[in-house]
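Bear in mind that the values in this text are calculations on the coordinates, not laboratory data. Model, not experiment: these values are computed from the prediction. All Cβ positions, glycine included, derive from the backbone under ideal geometry; neighbour counts span all protein chains shown.
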Amino acid sequence: MQKSETTTIERRFLAPFHGKAVSPPPIWLMRQAGRYLPEYRATRAEAGGFLNLCYTPKLAAEVTLQPIRRYGFDAAILFSDILVVPDALGQQLTFAEGEGPRLDPVRDVADLGRLAVSNTASKYALVWETVQRLRQDLPKETALIGFCGAPWTVATYMVQGEGSTDQAKARLWAYRDPAGFQALIDLLVETSITYLDGQVKAGADVLQIFDTWAGSLPDDQFDRWVVEPTKAIRAALKTKHPNVPVIGFPRGAGPMAGWYVSETGVNGIGCDTATPPWVMSEAFEDEDVVVQGNLDPLLLVSGGAQMDERIDEILEEMDGKRFIFNLGHGIVPETPPEHVAQLVARVRAGV
Ligand code: 1CP
């Protein structure tokens, strides 16, 4: 008890989740470890491939720490990928150099027979070991974020077999055979709870659920495949770990974001690039939720006065609110590392 009280005070990242707005706001960036950093590229080469990197706790912990050493972010995010979950379930996954992920697609209920939650133990154990190492190696003032992909977004990759712009194959399965698609989603809900529970037991302070493709569904489908599964995961974790905040990132949810927050019970809402700062500031006022967002990752690439102006606009709009500064989506490989330093300095200088 005493230990958790101490850590809460030491990690200012957690203050907004305890009802306290802090100024300047805590800052971390989605995909803060990655190809824009030369030291990441070196460690990835040492690992001999992306999945090896995810499953080698020493190296995964190392790349998690790299952006913390450079920029002193208020939170580190476990280095892994949302597609570790289908891989652990038994779906064949590869990451070829310079290409996106490729999976042996699941297209119907019969294909689900190839997957099992009982397959996951050895691979999840490696991720949990990474979390354990991180909790030991991180500065004590740095919070540690664990994560998973939301069932809907993970399912879009499992069904399509690769990244896509419209998630057509998953949407069509969901529309044509909702009961069958529900079986896939239920499997993902169950295994995501196990996976996140293990991350918390290993030392994660906060969890984020990435729903990158939430915005590809119309409202009724959004309710069934985005809201309901997230609500189930959130509820199960609340029973196990009532004090561990969960941040949802339903990218592209637009006007459904408020409903997502109130229905799922998430403690933080990640706002995407298209959310106007005044909406971030006003739309969630009636909810007990921390707002996170939302600088355009491409403004971080371009940098300069335009970036500075937008940072200031976000800071001014969110001043006095329970807010965490972030991008509106993940950092891109073209980002100059010195622009990240400039962003952090500007946010830390305050409004
Ligand atoms: O070659 C490489 O080094 C691979 C590039 C890469 C990296 C650095 C991939 C492949 N994944 C990651 C790490 C990663 N992915 C993290 C690490 C922690 C961090 O620093 O933030 C996280 C949280 C993710 C999450 C992730 N993976 C998402 C959700 C967030 C988002 O950006 O939308 C998604 C959709 C993925 C799938 C994925 N993994 C990798 C790629 C290139 C993709 C996208 C594929 C596509 O849609 O085409």
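Mind checking the range 103-189 for GluC sites (Glu not before Pro) that DSSP puts in a loop (not H, G, I, E or B) and that have at most 15 other Cβ atoms within 10 Å?
Qualifying residues, ordered by number: Glu141, Glu162.
What is the distance in Å between the Cα centroid of the range 252-288 and that of the range 91-116?
Cα centres, the range 252-288 to the range 91-116: 32 Å.
Where both residues lie in the chain, what percent of DSSP beta bridges are antiparallel, nearest 5?
10
Cα gyration tensor of the range 152-229, axes a ≥ b ≥ c as square roots of the eigenvalues: rounded (a/c below 1.5), prolate (a/b > b/c) or oblate?
In terms of gyration-tensor shape, prolate.
Taking H placed 1.01 Å from N in the peptide plane, check which residues at least 5 places from Cys271 or on another chain put their amide H under 5 Å from its amide H.
Gln292, Gly293
To the nearest 10 degrees, how steep is helix 228-240 against the longest Cα principal axis of the chain, on a 0 to 90 scale?
Long axis of 228-240 versus the principal axis of the chain: about 70 degrees.
Just to check I understand the Karplus step: with θ = phi - 60° and J = 6.51 cos²θ - 1.76 cosθ + 1.60, what whole-Hz values come out for the range 344-351, glycine and proline as x?
In residue order, the calculated couplings are 5, 4, 5, 5, 5, 6, x, 7 Hz.
If Lys and Arg each add +1 and Asp and Glu each add -1, what is the summed charge of the other residues whose beta carbon sits under 14 Å from the beta carbon of Asp111?
Value of the local net charge: 0.
Given H placed on each backbone N at 1.01 Å, which residues far from Ile77 in sequence or on other chains put an amide H within less than 5 Å of it?
Ile145
Under a point-charge model restricted to the Cβ atoms of Lys and Arg (+1) and Asp and Glu (-1), what is the dipole moment magnitude of the chain relative to its Cα centre, in debye to the nearest 20?
Dipole size: approximately 1080 debye.
Within 15 Å, Cβ to Cβ, of Ala96, how many net charges do the neighbouring residues add up to if Lys/Arg are +1 and Asp/Glu are -1?
Around Ala96, the charge tally is -3.
Using the number of other C-beta atoms within 10 angstrom as an exposure proxy, rank Val84, Val200 with the fewest first.
In order of increasing Cβ crowding within 10 Å: Val200, Val84.
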